[in-house]
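The values are calculated or read from the model by the stated rules, or taken from the named source; none is laboratory data. Because the structure is a prediction, the values reported are computed rather than measured. Note that we place each Cβ from the backbone using ideal geometry, even for glycine, and neighbour counts take in every protein chain shown. These accessible areas exclude ligands, DNA and RNA; they are computed on the full protein's heavy atoms, side chains included. Shrake-Rupley method; radii C 1.70, N 1.55, O 1.52, S 1.80 Å.
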Amino acid sequence: MKRAVAVGLGLLCITCTVPDIEELEEERPSGCDTSHPCQVRVLLTYDGFRPGCVTLRLVDAEDASRTFELPVEPPGLGGAATAEVGFVRRAGWSDTVKVTASARERSCSGQEVATASAQGVVPEEGTATVELELSARDDDGDGYVSTATRGTDCDDRSASVSPGVEERCDFLDNNCDGREDPAPVCDGIDWKTTETLPGASFRDVAPHARNQAWFVSDSNDVVAHVRRETDGGFNVEPFTDCHGAWSTAWARPSDGRVFMGSWEGRLATRTLAAGEPCALTSFDGGGAAIQDLVGFEADGGTTLYAVNEAGDILRWDYPAEPVRVERVNADLRAIHGLDPRTLITVGQTGEVPVAYHVNADGGPWLREALPPPAGGQLALHAVHVVAPGLAYATGDQGLLLERAAGTWSTKPPYPIFVDGGVSPDIIDVVAFGQGAVIAVLATDDIVRFDGETWGDFRFGTQGFTTLEGLSSDELWSATLDGTGFYWGPRAR
């Protein structure tokens with residue numbers, strides 16, 4: 001899927017009529033304004049990436065020794081779509097100027113990844129416009145451009161991989177040096193477990209910070225906050241004032257507030273403070289089970305999306321009440337995205353797996369074309385968006401789908417047991433790249449798909465129900481008997 005990102009507009013004005021031009025030239029061409037109108041403007045557009053540094057190089061077409069460079073403010077991650085910079089030329093230049101725009105990764109010392117040039121003729125009156133487009137690919141949005149477009153990112157579909165990332169124990173070549181998990185990055189890393197919490201039957205886990213997560217139970221009104229200690233142990237703090245059979249949760253990174261959905265169709269939230277009571281919303285979903293929840297923080301606000309078995313897609317602009325924004329003909333099992341623009345929800349319609357993606361125009365959600373499923377593959381149970389150009393979904397009888405550049409394809413399913421039968425259902429998935437797709441089987445195992453084959457990761461006997469991770473080297477899971485599981489480095 002081509003991603004055109006119009007994230008910057010630089011205006012360059014040359015040969016303005018300025019009475020004291022010699023004085024203005026002492027440092028560099030100075031800005032145009034309403035009293036000194038510009039005669040040439042350069043319009044820059046950025047396609048597919050956000051450069052860390054942009055410069056304009058001006059050369060007199062009649063004398064190449066006359067040249068200078070001008071910085072342009074690069075677009076920020078959430079910055080304005082336009083920027084304006086005005087200039088006057090140096091004395092003695094001709095009326096024809098060659099303008100070259102150059103963009104670099106990350107900073108002005110980074111790799112040059114895009115250039116564009118054009119000539120502008122200064123008119124005697126009025127304004128001439130030169131349009132330049134800088135194009136490169138940064139599909140994972142990590143600031144490093146794909147090696148296919150002159151950049152240094154060896155895996156542009158994973159924000160966990162780029163030359164600026166520290167090597168982690170996560171089955172990936174994080175820093176693009178050709179080595180996956182070199183020693184000693186994995187030393188001492190293994191699955192650790194919390195003490196079993198009596199009366200809890202954990203259905204979901206919601207990490208919100210390094211070494212911290214919420215677990216929610218569908219029995220005895222239990223929700224619990226877990227913190228990994230520096231000695232390797234866990235501090236588990238249970239709460240029982242959120243009344244409901246909780247099926248799903250998401251926790252806010254800024255302060256750890258948890259948001260929950262229940263099998264009865266209720267939504268609630270609470271903070272880490274024991275003295276602040278759980279708050280139920282007024283949303284009435286007619287008893288349809290809330291089956292998944294995802295949230296985002298931006299510009300000081302919090303927005304969540306939830307899906308239920310009746311096909312409702314809910315939006316919750318906290319602290320306002322949740323509202324239904326869409327209803328599709330499906331039993332929706334899961335929803336995920338990097339932000340509200342990349343959301344995908346999956347589930348089942350009749351006896352067919354389905355997926356929908358958010359409509360960028362704000363209209364009805366759009367059903368996606370999926371490969372024909374094999375017999376018995378009736379539903380998708382989980383989805384995880386790795387980057388705008390990469391996502392995974394899992395379902396019945398080992399079903400694994402990959403969405404690359406907007407198109408879904410079938411990947412090798414989890415293999416059938418040696419004693420016959422059918423492949424186990426895959427009930428949850430977390431992915432950080434094509435070599436790090438981690439999944440939970442209905443047979444109580446956690447497994448990994450490396451892009452070609454499946455392998456064991458954690459054998460279970462306690463009923464794994466969920467899997468989540470904020471970063472590629474830290475995973476959380478939980479079980480029906482009230483035990484939390486953690487995989488990652490020791491807390492510091």
- Task: Taking ALA136 as meeting all but one of (1) more than 18 Å from ALA101 (Cβ to Cβ); (2) of a type in the set (Gly, Ala, Ser); (3) touching a strand residue (DSSP E or B) at 6+ places or on another chain (Cβ under 8 Å), write down the number of the exception.
- Result: (1)
- Give me a count of the residues in segment 213-240 that are within 15 Å of CYS278 (Cα to Cα) and either at pLDDT below 95 or polar (S, T, N, Q) (or both). 3
- Which members of segment 119-168 meet the condition of being of a type in the set (Ser, Thr, Tyr), free of Cβ contacts under 8 Å to residues at least 24 places away in the same chain and open to solvent by less than 40 Å² (accessible area, probe 1.4 Å)? SER146, SER162
- Of those in segment 440-456 that are part of a strand (DSSP E or B), open to solvent by 10 Å² or more (accessible area, probe 1.4 Å) and without any contact (Cβ under 8 Å) to a residue 60 or more places away in the chain, the residue nearest to LEU332 (Cα to Cα) is ASP445
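Yes/no per residue for (1) assigned to a loop (DSSP other than H, G, I, E, B); (2) at pLDDT below 85:
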{"residue": "ALA101", "(1), (2)": "no, no"}
{"residue": "ARG106", "(1), (2)": "yes, no"}
{"residue": "PRO123", "(1), (2)": "yes, yes"}
{"residue": "ASP138", "(1), (2)": "yes, no"}
{"residue": "ALA148", "(1), (2)": "no, no"}
{"residue": "GLU166", "(1), (2)": "yes, no"}
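A quick yes/no check of all residues on (1) in contact with an Asp or Glu (Cβ under 7 Å, 6 or more places away or on another chain); (2) among the aromatic types (Phe, Trp, Tyr); (3) closer than 27 Å to GLY463 by Cβ:
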| residue | (1), (2), (3) |
| --- | --- |
| ALA369 | no, no, no |
| TYR392 | yes, yes, yes |
| GLN397 | yes, no, yes |
| ALA405 | no, no, no |
| PRO412 | no, no, yes |
| SER423 | no, no, yes |
| VAL430 | yes, no, yes |
| ALA436 | yes, no, yes |
- Query: Is it the case that segment 388-398 has a residue that's open to solvent by less than 10 Å² (accessible area, probe 1.4 Å) and more than 19 Å from PHE449 (Cα to Cα)?
  - Reply: no
- Tell me, which strands (runs of 3 or more DSSP E) lie completely within segment 250-314 with 2 or more residues that are among the hydrophobic types (A, V, I, L, M, F, W, C) and surrounded by fewer than 20 Cβ atoms within 10 Å (Cβ to Cβ)? 290-298
- Residues located in segment 412-439, provided they are buried (at least 19 other Cβ atoms within 10 Å of the Cβ) and over 23 Å from CYS176 (Cα atoms): PRO413, TYR414, SER423, PRO424, ASP425, ILE426, ILE427, ASP428, VAL429, ALA439
- Task: For segment 225-243, indicate whether the set of residues that are closer than 22 Å to VAL323 by Cα, surrounded by fewer than 21 Cβ atoms within 10 Å (Cβ to Cβ) and small (Gly, Ala, Ser) is non-empty.
- Result: no
- Query: Has segment 217-230 got any residue that is charged (D, E, K, R) and outside any loop (DSSP other than H, G, I, E, B)?
  - Reply: yes
- Message: With the structure loaded, tell me whether PHE459 is of a type in the set (Phe, Trp, Tyr), in contact with a strand residue (DSSP E or B) (Cβ under 9 Å, 6 or more places away or on another chain), surrounded by fewer than 24 Cβ atoms within 10 Å (Cβ to Cβ) and more than 19 Å from THR248 (Cβ to Cβ) or whether it fails that test.
- Response: yes
- Item | Any hit, segment 182-204, residues being closer than 22 Å to SER471 by Cα, touching a strand residue (DSSP E or B) at 6+ places or on another chain (Cβ under 8 Å), small (Gly, Ala, Ser) and at pLDDT 95 or above | no
- Examine segment 172-192 for a residue that is in contact with a Ser or Thr (Cβ under 7 Å, 6 or more places away or on another chain) and surrounded by fewer than 17 Cβ atoms within 10 Å (Cβ to Cβ), and state whether such a residue exists. no
- Residues (in contact (Cβ under 8 Å) with a residue 40 or more places away in the chain and among the β-branched types (Val, Ile, Thr)) located in segment 423-439: ILE426, ILE427, VAL429, VAL430, VAL437
- Task: With respect to VAL385, determine if the residue is open to solvent by less than 10 Å² (accessible area, probe 1.4 Å), in contact with a strand residue (DSSP E or B) (Cβ under 8 Å, 6 or more places away or on another chain) and under 25 Å from LYS192 (Cβ atoms).
- Result: no
- Item | Matching residues, segment 326-341, being of a type in the set (A, V, I, L, M) and in a loop (DSSP other than H, G, I, E, B) | VAL328, ALA330, LEU338
- Of the residues in segment 462-472, those that are surrounded by 22 or more Cβ atoms within 10 Å (Cβ to Cβ) and under 20 Å from ASP156 (Cβ atoms) come to SER472
